[in-house]
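Colleague: I'd like to ask you about the structure that follows.
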Amino acid sequence: MRQILLTTFLILFLFENSNGQTSVFKTTYFYESIIKTKFDTLVVNEKIDIGFYRKYFHIPYYYPQQSVNEQYKDTTIEKWAYEELEKDFARNWTYTYVYDSLSRVINYNFSGCWVCSQLPFYTSIFYDELNRPIKIQWAYSPFKKPEEDYGEIIIKYDDNGNIVQLIDKCIGGLKMQIEKIASDN
């Protein structure tokens, strides 16, 4: 009850004092039997999309910088992280992008780097009928079954196309949930 009153006071106070659109986000972290909740209040002057969540919440981690590129259609592109370095997996690594017939990235892979102890990861992106990502699924190893080594993010939108909820899951269950719980518009 105290948390609800504090949240209500915080929301009212911030809306009274903001110059732009203020949105309140509730982030809940789940770790074994521990649940931690925090509230972030942001003045938003941009669309609340994947880029917004990456900028302010650093999630999703494994997502390409650009998910649609009209230049690529039904194509696979491989890029070295450092083109100027030797194309050697001991000191360099690759990013592989697989585009579908609508020029959307549907698979995004990272080869891994032996020196920096980065493991490879394999990401699949699923879209809705409006071409918005609705699920991002990844695995860290090509040698394990997806149910043994995976994670996924479920994305939900409001009627304006803004992301209002991100649910981050892994094989152990729910890891984190971010919800837009209030806005002054």
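Computed from the coordinates by the stated procedures, all read-outs in this text should not be read as laboratory data. Because the structure is predicted, anything quoted here is derived from the model rather than measured. Heads up, the Cβs are rebuilt from the backbone with ideal geometry, glycines too, and the neighbour counts pull from every protein chain shown.
Colleague: Around residue 52, what is the net charge, scoring Lys/Arg as +1 and Asp/Glu as -1 over all other residues with Cβ under 11 Å from its Cβ? Spell out each step's value before the answer.
Modeller: Numbers: positive: 47, 54, 55, 180; negative: 46, 49.
My count for the surroundings of residue 52 gives +2.
Colleague: Between residue 75 and residue 45, what length in nm is gained on full extension when 0.36 nm per residue of separation is reduced by their alpha carbon distance? It would help to have the intermediate numbers written out before the result.
Modeller: Numbers: separation 30, 0.36 × 30 = 10.80 nm, distance 3.45 nm.
7.3 nm is the gain from fully extending residue 75 to residue 45.
Colleague: Stretched out fully, how many nm does the piece from residue 171 to residue 52 gain, at 0.36 nm a residue minus the Cα gap?
Modeller: On the way: separation 119, 0.36 × 119 = 42.84 nm, distance 2.60 nm.
Net length gain for the segment: 40.2 nm.
Colleague: Report, by chain and number, residues whose modeled amide H sits under 5 Å from the one on residue 93, excluding near sequence neighbours (fewer than 5 apart, same chain).
Modeller: Here the answer is 81, 82, since their amide H atoms fall under 5 Å of that of residue 93.
Colleague: Obtain the nm distance between the two label points defined at residue 160 and residue 132 by a simple spin-label model: each point lies 7 Å from its Cα along the Cα-to-C-beta direction.
Modeller: The modelled label-to-label distance comes out at 1.2 nm.
Colleague: Which aspartates and glutamates does residue 26 reach when only Cα atoms under 18 Å apart count, and residues fewer than 8 places away in its own chain are ignored?
Modeller: Answer for residue 26, where 18 Å is the Cα cut-off: 40, 49, 158, 168, 179, 184, listed by chain and number.
Colleague: Also, quick follow-up: Calculated FRET efficiency, residue 37 and residue 87, Cβ-Cβ r, R0 45 Å, to nearest 0.05? Before the final figure, lay out the partial values.
Modeller: Working: r = 46 Å, r/R0 = 1.02.
Here the calculated transfer efficiency is 0.45.
Colleague: What is the sum of charges around residue 161, taking Lys and Arg as +1, Asp and Glu as -1, for the other residues whose C-beta is under 14 Å from the C-beta of residue 161? Write out the running numbers ahead of the final one.
Modeller: Details: positive: 47, 132, 156, 180; negative: 46, 49, 128, 129, 158, 159.
Residues close to residue 161 contribute a combined charge of -2.
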